[in-house]
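Only one structure is covered here, and it is reproduced in the block below.
Values quoted throughout were computed directly from the atomic coordinates according to the rules given, and no laboratory measurement underlies them. Remember, it's a predicted structure, so these values are computed and weren't measured experimentally. All Cβ positions, glycine included, derive from the backbone under ideal geometry; neighbour counts span all protein chains shown.
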Amino acid sequence: MKKLLNTLLFIFPFLLGAQVDNLKVSIMNGPTIGWMTSNDALITTEGSKLGYKLHVEAEYLLNDRYSFTGGLGLSLNQGGKLKYPQGGNLWSESKLSILRGDSLPAGVVLGYGVNYFDFPFGFKLRTNEFGKFKFYAHLPEFVIGFKTKAKGSIDGAGVSSTKEKINNQVTFLTFGWAVGAGVEYKLSDEVALIGGLRFMQSIIDVTDDSGRFLDGKKENSKGTINSMDIRIGVSF
């Protein structure tokens, strides 16, 4: 994580230095509320997870109202919890710290907390100015994410554990879509404060499907990450 942050800080001055009339740079960060869903109706969402995102975004302005966007950033502690009605060796690719980790009980809740290095890109629309305010919609937006770390939790009958190392239970690459909206407050001709909300959802399965239930059947459900992001930042 420290190396990734250093990378962001290293390239940001170059982005600023590269600004021309049709290029704008923004730094945005804020907390996220995440949850996971499954395409298996028997595997249910169980609670939410608090995370954090930091992004540097460049905009190529087509005109005063429309722009293409691209950037990079960090998404930390993304994921949520899923409840499995059947037990088994659900995290078969990880060496768990608990006894009998290969035979988790029915009704077990597995929690995912994943860090990603993101590359978002998309399209942004702005309104005309209302005093010092402009409103924007960021859609569509797509995100390619590369996993840097994954930790998990286990909660079930007779078992409880946190901070399990589950890198092998989460796919290295993820791809998702997002939509956002917010407001910009003009401080000067070049600088504005940003505040907004953004919903993001992974499109592809983020979970490994090597596990098996106690009855021997393979666990091959599709697990996806959803998040609602609060975005606070500044544009130059």
Mind checking which lysines have their Cα closer than 28 Å to the Cα of Lys83? Skip sequence neighbours fewer than 8 apart in that chain.
Lys49, Lys53, Lys95, Lys147, Lys149, Lys151, Lys163, Lys165, Lys217, Lys218, Lys222
Sort largest first and round to whole Å: the equivalent ellipsoid semi-axes of the range 26-165, each the square root of five times a Cα gyration tensor eigenvalue.
40, 15, 12
Given 229-236, 21-28, the highest-first ranking by average Cβ count within 10 Å works out to 229-236, 21-28
On a straight-distance basis, which lysines could pair with Lys132 in a cross-link, Cα separation under 25 angstrom, same-chain partners fewer than 8 positions away excluded?
Lys24, Lys124, Lys186
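How charged is the neighbourhood of Ser67? Take every other residue with its Cβ under 13 Å from the Cβ of Ser67, and add Lys/Arg as +1 and Asp/Glu as -1. If you can, show how the numbers build up before the last one.
Details: positive: Lys24, Arg65, Lys124, Arg126, Lys134; negative: Asp21, Glu57, Glu59, Asp64, Glu141, Glu184.
Summing Lys and Arg as +1 and Asp and Glu as -1 gives -1.
Excluding Lys222 itself, calculate the net charge of residues whose Cβ lies under 10 Å from the Cβ of Lys222, where each Lys or Arg counts +1 and each Asp or Glu counts -1.
Numbers: positive: none; negative: Asp40, Asp205, Asp209.
Local net charge: -3.
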Could you compute the net charge surrounding Phe175? Neighbours are other residues with a C-beta less than 14 Å from the C-beta of Phe175; K and R count +1, D and E count -1.
-1
Phi-based couplings in Hz for the range 138-154 (Karplus 6.51, -1.76, 1.60; Gly and Pro marked x)
10, 6, x, 10, 10, 9, 9, x, 10, 5, 10, 6, 9, 10, x, 10, 10
Max mean-square fluctuation residue, GNM over the chain, Cα-Cα springs under 10 Å, options Tyr84, Tyr112, Tyr185:
Tyr185
³J(HN,Hα), Karplus 6.51/-1.76/1.60, whole Hz, each residue of the range 64-76, x for Gly, Pro
5, 10, 10, 7, 8, 10, x, x, 8, x, 10, 10, 10
In degrees, nearest 10, the alpha-carbon axis of helix 2-17 is tilted away from the dominant principal axis of the alpha carbons of the chain by 20
For Cα Rg over 2.2 N^0.38 Å, one of (1) 1.15; (2) 1.06; (3) 1.28 was computed from the structure I shared and the rest are decoys. Which label?
(1)
First measure r as the distance between the Cβ atoms of Lys218 and Phe68, then evaluate 1/(1 + (r/R0)^6) with R0 = 41 Å and state the FRET efficiency to the nearest 0.05.
0.45
Long-range amide H partners of Thr207, meaning residues 5 or more apart or on another chain whose placed amide H is closer than 5 Å, are Thr171, Gly223
